[in-house]
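The values are calculated or read from the model by the stated rules, or taken from the named source; none is laboratory data. From a predicted model like this one, the values you see are computed outputs, not experimental measurements. All Cβ positions, even for glycine, are placed from backbone atoms using ideal geometry, and neighbour counts span all protein chains on display.
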Amino acid sequence: MLSGASSFASLVDDAFFFILIISIIFFVGIVATMLFFVVRYHHTRNKKVANIEGNLTLEIVWTVIPTLLVMGMFYYGFIGYDTMRNVPDDAMEITVTGRKWSWTFTYENGFQATTLTVPKGRAVKANIESEDVIHSFYIPAFRVKQDAVPGRDTYLWFRATETGTFDILCTEFCGDRHAYMLSTVEVMSESDYNTWYAGTSGEQITEGGDLSAAGEKLVTLKGCIACHSIDGSPRISPSFKGLYGKMETVYTDGKERQVLIDDAYIAKSIKEPAADKVKGFENIPMPPQPLSDDEIKAITEYLKSIK
Amino acid sequence: MHENEHEMKYSTYIYVWLALVVLTWVTVAVASIDFGNAAVFVALLIAAFKSSLVVAWFMHLKNESATIKWMVATLFIVFAIFIGITFTDYPFR
Amino acid sequence: MSNHAATMVAHKHPSDVEGAKIGMWLFLFTEVLLFGGLFIAYAVYRSVYPEAFQTAAANLDTFIGAVNTLFLLTSSLTVVIAIVALQKDKQKMAVWMIWATVLFALGFMVNKYFEWSAKIHHGIYPGSPELLADHSKGEIVFYNLYYTMTGLHGLHVIIGLIVFFFVLYFIKRRPVVTEEMPYEILKNVRGTSRLAVVSEKGEELGTVAQLDDKVELVDIRLTYEPVAEKRDPRNFVKLENAGLYWHLVDVIWIFLFPLFYLIT
Amino acid sequence: MPSHTLDDTVQNGESYLDVKGRYTGVFGWIFSVDHKRIGLLYLGSVFVFFTVGILLGLFMRLEQMTMGETLMTATTYNRLFTLHGVIMIFLFIIPGTAGTLGNFFLPIQIGAKDVFFPRLNLLSWWLYIAGAVMALLAIFTGDGMADTGWTFYVPYSTQTGTNVTLALTAAFILGFSSILTGLNFVATIHRMRAPGMNFHRMPLFVWSLYATAWIQVLATPVVGITLVLVILERTLGIGIFNPAMGGDPILYQHLFWIYSHPAVYLMVLPGMGVISEIIPTFCRRTIFGYKAIAWSSVGIAAVGTLVWGHHMYVSGQSSTASIVFSFLTFFVAIPTAIKVFNWVATMYKASIRVEVPFLYALAFLFHFLIGGLTGLMMAAISVDVHVHDTYFVVGHFHYTMFGGSVFALFGALYYWGPKMWGRMYHNKTAIVALVLQLIGFNTLYMTMMYLGYQGMPRRYFDHLPQFHDAHLVATFGSWFLVSGLLLMIGTLLYSVFRGEKAPANPWGGTTLEWQIPTPPPLENFDEIPTITDEPYAHKEEAV
């Protein structure tokens, strides 16, 4: 079985095995009885049948016993869920944003990343939101899952019990690259985490430093590279590689025209993606991106750098 | 052909219609009274009463067989369940 | 053909009015639950946005709503009166009452038309820029529901109108229909072979059975009297089912009226 | 009603297959209002779509044999699983047993000459065809088949460029067809039972159809209006579920599952009815706990309308709702368990003939137990949080729907086929097909459940490396399954045209359909029988 890495793993697995064991007992019992009857009362062995029309005692027994058992199962599932929904007061909070097709994690200090880093042993509350359609935030190793619903904030919490790297998946169908809406969670020891967290900063990425490097971070963080590759490989949208300075055929209001991909075109494409759609990709909807002018400048610089 | 139909009288239906008109006036009149949160329940109560008049007399459910009455009851129970259980969600979010 | 079919049905379940009624009621159930889905949506959104619903409802004209309610209630009355009239074999009365129903239904639709166009004129319709810009989310939901539910209801009124026109056609149709009768059918009618054949000059040529090759054309004239004012029992079932449908449309409006116009 | 296809000179007792009516050839079928011909029309059309659905499933398994893109792009894959779901659910399982066998045997089993509204019955088949054509049009027009999955969740379904509107219209029309069938069955059962046949003398298949029919009538309209709302949002911009307009996407899920959860019972109940027929016949004894089985059908239908929210534990509905729905869900297990226990008890002190239909009944029990018991795991909320929307769910519902109701349908075709087309199947081929199906089915779906617990999400075009080996195993299983299914369809087709002539009562059945000639005459009975006994009155001394 899949190893567990959060405090919920045993809760979920125990409930699962509790039901599994009862199920196996019933399954084996019923199938064995059935096969035994088929052999024992095969018409070659038994000619005289007993037309038993029913038995009230038996009916009551096999109504009451399953009822009691399933109530036990309900209780087991309920206590696990109850724990999952009641967040401890000392939980640290992280905002998880889902969009087609990437996850962004925002920490309390404003730092943003596309992979999640959490300390071992501390309660972490993830506030989940979606920018477009419904996604579902799923960490199998932690046994947690919650939908990201546009217009509605949801949450989950967990306490990691093992250090290591675990998969994050999207489990609500969200379009072409649903299967690639992946990320990872890295669980560090408390001290490693504190060191790592101290090194992060919630400053705007564009503040200070190399604009092109900031742009590189931004295209990852904002999910651009979910659709636009940076190495020229085909994805559902034009690759960024060698894009800047190219002449491209676009559709503007349904008419074909040639444009030079320059600063102005890039800025417009980010703010109004539907205005000029590149030929061959005219049916792919891209949502307008709420980026600041600085961020757009940084991305433009980055695009210039990948020839 | 219609020996199983009950005798119908114009006057009965006109009385029912009058009752419906009066109840419509009542709904409009009480709408200006501030019942607070109960307003919607008052409005629905009158509407339910009006519609049961229509169903019982105009649609002559009261003369129909027990089977059909039970079926109509089933419908309303099922619909009440749909609404009722949906409301285990919204007020508790 | 249709008469033949009718006798076959009768043979299967001899004039089982009860079964036909069960079928009609079950059909009405599906209509109730079709609207039911929308009523669930209404209940949910009203619980989420109680104030916005009150603000938005205040913008609807209670007077027009009340008049429309009266129109539908009265049209329900005229339908039942038509049914009673038909039961008492008063065809003319029934026809007049159905026309009255149609008139009230049209009045309802005309009112609805003015109401909707006034709203649309003010820029309040689903997805309009004014609606999205100037109104809260709860009000937008209210208007979306308003247009969907009254729209679907209006569609049912129109369907009801069409049904009533059909019923009128059936009631006014003469009970006995004159049809062209080809010889293939006529020859099977018992006694045809004994019909006397008369030449154009008036001399008797014998019976049909005695006709020979010399006769090129036989002109057959049949005169018969249709049975006037004899009701066709199937019309009663048709009118009653149309009435059941119409009352349901009425019942739904009885709920729509307070939910959209009165909860200010 | 048959009058449309009848000359006045029809010989009563002449098989419904040979009757010459007003229309001949193919028109004699597609314009026939005879419930038996309509049943066969459904059977033919339903199995055409089933074959298409199987092949779509096979292509998906082939794509999953390797990581990355192999046979098709992600876009194609997404359309494929949507189409697979839409076909299998709306075009195959929902009309699969009720439309085919229900139409054929419901009137016969209650001693009637036809259903109550024969012309309406033909109309529902035509609507089914119209819906199917619409679904096909959705593939070939506009931007192609919807890529939303058969659940059409908003807001994805309102935003995608694919042909969702047409696919939804198709589903709406198919829903209407299903409603008409249900309405017809309720009226038929209430009004057309033969003299002496009270409710507690009806065969259990009829009971299951009765419960099914009520679900069809009461739940389908809700999904109908829900789909219309999505169409309205796509075409007119009335965004009742659109969060930007104050709408709530989760409300769509409530309304959708209000129908679609009871819908799984309308898929499985007729299958359970079939099993309740097959078991006493091959056990040569009366059924154990007739009333318990009969009323548990109604119980399942009733409780089934209360539990839709168990599809939504992680959707963002309130925790209270999840807990209430979980609690209620467990109660579906009780009537289901009662049925299973009574079926097994029927084998006690019986005189069992092990024929192909009985083997399918055993296979049904085997699969349905696994499906039902894994259902308990998912009803427990904490477990479901982990396995929701993974392959575990996919495995579970294939065990109940496919291993359960569809295997029951297969068994029913072997059981009733001789009555329907008057010819027997080839025994050995049928058994080989069953063995292939059993091996393939369990390899495929057991592996899927394993994958699901490991965290493999459903509707993934691609998979992570740790899932690869199990995916390979599942694909191998699918080959066995598909070959078993195609062999079975082949052998059934062979039996329709070339099989040995069947006797009137090959299995020693006691219900009314076995008391009339094979194939049945046009109006089933020369004289409506009078019922004096329970439906499964077998003699004590087996013959």
Quiz item: All but one of (1) of a type outside the set (K, R); (2) surrounded by fewer than 21 Cβ atoms within 10 Å (Cβ to Cβ); (3) under 28 Å from D:V222 (Cβ atoms) hold for C:G107; which doesn't?
Solution: (3)
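Just checking, which of D:I250, D:I225, D:I238, D:I173 is more than 10 Å from every other protein chain (Cβ to nearest Cβ) and either farther than 20 Å from D:Y265 by Cα or β-branched (V, I, T) (or both)? First the steps, then the outcome.
On the way: D:I250 fails: more than 10 Å from every other protein chain (Cβ to nearest Cβ); D:I225 fails: more than 10 Å from every other protein chain (Cβ to nearest Cβ); D:I238 fails: more than 10 Å from every other protein chain (Cβ to nearest Cβ).
Result of the check over D:I250, D:I225, D:I238, D:I173: D:I173.
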Quiz item: Among the candidates D:L183, D:L218, D:L209, which residue alone is within 11 Å of chain C (Cβ to nearest Cβ), over 18 Å from B:F82 (Cα atoms) and within 23 Å of the chain's Cα centre (by Cα)?
Solution: D:L183
Practice problem: Look at the range C:58-82 and say how many of its residues are crowded, with 22+ Cβ neighbours inside 10 Å and at pLDDT below 90. | Solution: 0
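So for the range D:59-75 (the condition being at positive phi, surrounded by fewer than 20 Cβ atoms within 10 Å (Cβ to Cβ) and not polar (S, T, N, Q)), does at least one residue qualify?
Checked the range D:59-75: at least one residue is at positive phi, surrounded by fewer than 20 Cβ atoms within 10 Å (Cβ to Cβ) and not polar (S, T, N, Q).
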Exercise. Could you check, for the range A:221-229, whether at least one of its residues is in contact with a Lys or Arg (Cβ under 9 Å, 6 or more places away or on another chain), over 30 Å from A:K120 (Cβ atoms) and surrounded by fewer than 13 Cβ atoms within 10 Å (Cβ to Cβ)?
Key: no
Quiz item: Does D:F288 qualify as being among the aromatic types (F, W, Y), buried (at least 24 other Cβ atoms within 10 Å of the Cβ) and part of a helix (DSSP H, G or I)?
Solution: no
Exercise. Please determine, by comparing only the residues of the range C:35-54 that are without any contact (Cβ under 8 Å) to a residue 24 or more places away in the chain and facing chain D (nearest Cβ under 9 Å), which one is surrounded by the fewest Cβ atoms within 10 Å (Cβ to Cβ).
Key: C:V44
Self-check item: Matching residues, the range D:448-469, being buried (at least 19 other Cβ atoms within 10 Å of the Cβ) and more than 18 Å from D:V383 (Cα to Cα)
Solution: D:R459, D:Y460, D:F461, D:D462, D:H463, D:F467
Quiz prompt | Pairs, first in contact (Cβ under 8 Å) with a residue 60 or more places away in the chain and farther than 13 Å from C:L168 by Cα in the range C:236-253, second hydroxyl-bearing (S, T, Y) and in a helix (DSSP H, G or I), C-beta under 6 Å, six or more apart | solution = C:H247/C:S76; C:D250/C:S76
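Of the residues D:M446, D:M456, which is over 18 Å from D:A363 (Cβ atoms) and within 14 Å of chain A (Cβ to nearest Cβ)? Working first, answer last.
Numbers: D:M446 fails: over 18 Å from D:A363 (Cβ atoms).
Every option except D:M456 fails the conditions.
Please state which one of A:S189, A:S183, A:S239 is among the polar types (S, T, N, Q), outside the structural domain of A:Q258 (by TED's automatic domain parsing) and in contact with a Gly (Cβ under 9 Å, 6 or more places away or on another chain).
Details: A:S183 fails: in contact with a Gly (Cβ under 9 Å, 6 or more places away or on another chain); A:S239 fails: outside the structural domain of A:Q258 (by TED's automatic domain parsing).
It is A:S189.
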Exercise. Collect the residues in the range A:165-194 that are among the polar types (S, T, N, Q), surrounded by fewer than 19 Cβ atoms within 10 Å (Cβ to Cβ) and outside any loop (DSSP other than H, G, I, E, B), keeping them in residue-number order.
Key: A:T165, A:T184, A:S191, A:N194
Quiz prompt | Residue within the range A:41-55 that is closer than 30 Å to A:Y138 by Cβ, at the interface with chain D (Cβ under 9 Å from one of its Cβ atoms) and of a type in the set (K, R) present | solution = no
Quiz item: Do we find that D:T148 is of a type outside the set (A, V, I, L, M, F, W, C), crowded, with 24+ Cβ neighbours inside 10 Å and over 23 Å from D:H35 (Cβ atoms) in this structure?
Solution: yes
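In the set A:A123, A:A148, which member is in contact with a His (Cβ under 7 Å, 6 or more places away or on another chain) and of a type in the set (G, A, S)?
A:A148
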Quiz item: How do the pairs read when you match residues in the range B:20-37 that are within 19 Å of B:F49 (Cα to Cα) with residues anywhere that are at pLDDT 80 or above and polar (S, T, N, Q), using Cβ under 7 Å and keeping only pairs 6 or more apart or on different chains?
Solution: B:T24/C:T69; B:V28/C:T62
Exercise. Just name the residue that is surrounded by the most Cβ atoms within 10 Å (Cβ to Cβ) out of those in the range A:70-108 that are at the interface with chain D (Cβ under 9 Å from one of its Cβ atoms), farther than 18 Å from A:Y155 by Cβ and not aromatic (F, W, Y).
Key: A:G77
Quiz item: Does D:V354 qualify as being surrounded by fewer than 23 Cβ atoms within 10 Å (Cβ to Cβ) and touching a helix residue (DSSP H, G or I) at 6+ places or on another chain (Cβ under 7 Å)?
Solution: yes
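Confirm whether D:G417 is more than 30 Å from A:Y81 (Cβ to Cβ), in contact with a strand residue (DSSP E or B) (Cβ under 9 Å, 6 or more places away or on another chain) and in a helix (DSSP H, G or I).
Numbers: more than 30 Å from A:Y81 (Cβ to Cβ): yes; in contact with a strand residue (DSSP E or B) (Cβ under 9 Å, 6 or more places away or on another chain): yes; in a helix (DSSP H, G or I): yes.
So D:G417 fits the description; yes.
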Quiz item: Taking the range D:362-414 as the region of interest, how many residues are at the interface with chain A (Cβ under 10 Å from one of its Cβ atoms) and closer than 16 Å to D:G273 by Cβ?
Solution: 1
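Filtering the range B:79-92 down to residues that are surrounded by fewer than 18 Cβ atoms within 10 Å (Cβ to Cβ) and touching a helix residue (DSSP H, G or I) at 6+ places or on another chain (Cβ under 7 Å), which residue is nearest to the other protein chains (Cβ to nearest Cβ)?
Kept after step one, since they are surrounded by fewer than 18 Cβ atoms within 10 Å (Cβ to Cβ), are these residues of the range B:79-92: B:80-81, B:83-84, B:87, B:91-92.
With the extra rule that they be touching a helix residue (DSSP H, G or I) at 6+ places or on another chain (Cβ under 7 Å), the set shrinks to B:83, B:91-92.
Numbers: B:I83: 6, B:P91: 7, B:F92: 4 Å.
The residue in question is B:F92.
Given the options B:V30, B:V22, name the one that is more than 7 Å from every other protein chain (Cβ to nearest Cβ), more than 14 Å from the chain's Cα centre (by Cα), surrounded by 15 or more Cβ atoms within 10 Å (Cβ to Cβ) and farther than 27 Å from C:L33 by Cβ.
Numbers: B:V22 fails: surrounded by 15 or more Cβ atoms within 10 Å (Cβ to Cβ).
Every option except B:V30 fails the conditions.
Can you give me the number of residues within the range A:154-190 that are closer than 28 Å to D:W150 by Cα and more than 9 Å from every other protein chain (Cβ to nearest Cβ)? Steps first, answer last, please.
First, pick out the residues of the range A:154-190 that are closer than 28 Å to D:W150 by Cα: A:154-156, A:167-183.
Now narrow it down to the ones that are more than 9 Å from every other protein chain (Cβ to nearest Cβ): A:155, A:168, A:181, A:183.
Matching residues across the range A:154-190 total 4.
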Quiz item: Looking at (1) touching a strand residue (DSSP E or B) at 6+ places or on another chain (Cβ under 9 Å); (2) modelled with pLDDT of 95 or more; (3) over 20 Å from A:I139 (Cα atoms), which is the one condition that is false for D:L451?
Solution: (3)
Quiz item: Which of the residues that make up the range C:14-34 are within 7 Å of another protein chain (Cβ to nearest Cβ) and either over 16 Å from B:I68 (Cβ atoms) or touching a Lys or Arg at 6+ places or on another chain (Cβ under 6 Å) (or both)?
Solution: C:S15, C:D16, C:G19, C:L33, C:L34
Exercise. Would you check if there is a residue in the range D:329-336 being surrounded by 24 or more Cβ atoms within 10 Å (Cβ to Cβ), outside any helix (DSSP H, G or I) and within 7 Å of chain A (Cβ to nearest Cβ)?
Key: no
Practice problem: Mind listing just one residue for me: the one in the range A:269-307 that is within 26 Å of D:T158 (Cβ to Cβ) and of a type in the set (K, R) and, of those, surrounded by the fewest Cβ atoms within 10 Å (Cβ to Cβ)? | Solution: A:K271
